[in-house]
Amino acid sequence: MTQTLVSEFTGEQQLQWLHDMLRIRRFEEKCGQLYGDMKIRGFLHLYIGEEAIAVGVMQALTAEDSVVATYREHGHALARGLPMQSILAEMYGKQEGCCRGRGGSMHLFDATRRFYGGNAIVAGGLPVAVGLALADKMQHRPRVTVCFFGEGAVAEGEFHESLNLAALWQLPVLFVCENNRYAMGTALERSEAETDIHLKAQSYRLPAEVVDGMDVRAVAAAANRAVAAVRAGAGSYFLEMRTYHFRAHSMFDPELYRDKKEVEAWKQHCPIAAFSAALKQQQRLSDEALAAMEHQVAAEIADAIAFAEAGTLEPVADLARDVMTGGKC
């Protein structure tokens, strides 16, 4: 894995990343609580433990770039700039949500921020990302499309088809594999003959790196390199982020496939705790500043909950809205 020099980033940048990761963590923890209270229904996949990836990658992008994510996308959406109010209202099923309450947790979408899901199908976002990048290349737009997906997606045909076309046509895509080792509940070594995911990308002649996905500085440095290469016209790039989510695959998951001791061991590499400790050691973060961040995040979450609970359900008369265009099939 590539080593990252602290001097690459300013103190202001790093404090912002800490805030952004803390914001995602506390939001996800509250969502888990709200799910238990039956305020959020359906499926819920939490991003706890993987915050460094969304934050580290998003900081390398511009507002004109595109983002395609998985169904574990709350963190990506927050890091991309979707308002917390609209995200939580969507998860509550309220029409004030970013998708009018129709998508829920797994289908967050905001075209104004070029955030194209939230895709519930494993590997479903990869061909979408390739299509977005192809359109940008054909229109000579200097955009980068970032596609997030888990290592479970590499078993799908879309993964190989998408990487092949991206390499063949030299498309401006940054593929980001969030390798948390267990897909939906099967250990990587039980499902893949080749467990080094980046080697699969290299077989399509894509430049590929392995990155410590628990270190926001390592993620940011790798993302900056990759985005710069893609934007310069070098074609697609692949980053394998080795990470671990601390909660089960979903709220319905009994989590029988991994040992509790292993989970606790990975928690010792918590991206927020480790980064906070490093910033304190560098005298860039005080206990008072960290407490202020926590207070600010807690206030934003409370505001988002109030907004979602005050929201309204879509009228029954609107159920057919957007099913057809202009009343025609």
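Assess whether V173 counts as being more than 22 Å from R80 (Cα to Cα) and in contact (Cβ under 8 Å) with a residue 60 or more places away in the chain.
Details: more than 22 Å from R80 (Cα to Cα): no; in contact (Cβ under 8 Å) with a residue 60 or more places away in the chain: yes.
When the stated conditions are applied, V173 does not pass them.
If you go through segment 177-189 one residue at a time, do you hit one that is of a type in the set (K, R), open to solvent by 40 Å² or more (accessible area, probe 1.4 Å) and free of Cβ contacts under 8 Å to residues at least 40 places away in the same chain? Please lay out each step first, then the result.
Taking segment 177-189 and keeping what is of a type in the set (K, R), we get 181.
Next, only the ones that are open to solvent by 40 Å² or more (accessible area, probe 1.4 Å) stay: 181.
Within this subset, residues satisfying the condition of being free of Cβ contacts under 8 Å to residues at least 40 places away in the same chain are none.
No, every residue in segment 177-189 fails to be of a type in the set (K, R), open to solvent by 40 Å² or more (accessible area, probe 1.4 Å) and free of Cβ contacts under 8 Å to residues at least 40 places away in the same chain.
Hey, any hits in segment 164-176 for a residue that's at pLDDT 95 or above and under 23 Å from R247 (Cβ atoms)?
Step one: filter segment 164-176 for residues at pLDDT 95 or above, giving 164-176.
The next check asks that each one be under 23 Å from R247 (Cβ atoms); those that pass are 176.
Scanning segment 164-176, I find at least one residue that is at pLDDT 95 or above and under 23 Å from R247 (Cβ atoms), so the answer is yes.
Do you know which residues across segment 129-148 are surrounded by fewer than 21 Cβ atoms within 10 Å (Cβ to Cβ) and touching a helix residue (DSSP H, G or I) at 6+ places or on another chain (Cβ under 9 Å)? I'd like the intermediate steps shown before the answer.
Residues of segment 129-148 surrounded by fewer than 21 Cβ atoms within 10 Å (Cβ to Cβ): 131, 134-143.
Of everything in segment 129-148, those that are surrounded by fewer than 21 Cβ atoms within 10 Å (Cβ to Cβ) and touching a helix residue (DSSP H, G or I) at 6+ places or on another chain (Cβ under 9 Å) turn out to be L134, R141, P142, R143.
With the structure loaded, tell me whether I305 is within 21 Å of the chain's Cα centre (by Cα), more than 30 Å from L174 (Cα to Cα) and in contact (Cβ under 8 Å) with a residue 40 or more places away in the chain or whether it fails that test. Show your work before the answer.
Details: within 21 Å of the chain's Cα centre (by Cα): no; more than 30 Å from L174 (Cα to Cα): yes; in contact (Cβ under 8 Å) with a residue 40 or more places away in the chain: yes.
Criteria not met by I305.
If I ask for residues that are open to solvent by 30 Å² or more (accessible area, probe 1.4 Å) and either within 13 Å of V144 (Cα to Cα) or hydrophobic (A, V, I, L, M, F, W, C) (or both), which ones from segment 117-128 would you list?
A120, I121, V122, V128
List pairs: first in segment 58-70 and touching a residue at least 40 places away in the same chain (Cβ under 8 Å), second in a strand (DSSP E or B) and open to solvent by 10 Å² or more (accessible area, probe 1.4 Å), Cβ under 7 Å, 6+ apart or cross-chain?
T70/G150
Just the residues that are open to solvent by less than 70 Å² (accessible area, probe 1.4 Å) and among the hydrophobic types (A, V, I, L, M, F, W, C), please, taken from segment 227-256.
Across segment 227-256, the qualifying residues are V227, A228, A229, V230, A234, F238, L239, M241, F246, A248, M251.
How many of the residues in segment 260-286 are of a type in the set (S, T, Y) and open to solvent by 60 Å² or more (accessible area, probe 1.4 Å)? Talk me through it step by step, then tell me what you get.
The first filter runs over segment 260-286 and keeps only residues of a type in the set (S, T, Y), leaving 276, 286.
Still in the list and also open to solvent by 60 Å² or more (accessible area, probe 1.4 Å): none.
Going through segment 260-286 one residue at a time, the tally reaches 0.
The values are calculated or read from the model by the stated rules, or taken from the named source; none is laboratory data. All of these numbers come straight from a predicted model, not from anything done at the bench. Cβ sites come from the backbone with ideal geometry, for glycine too, and all protein chains shown count toward neighbours. With ligands, DNA and RNA removed, areas are computed over all heavy atoms of the protein, side chains included. Shrake-Rupley method; radii C 1.70, N 1.55, O 1.52, S 1.80 Å.
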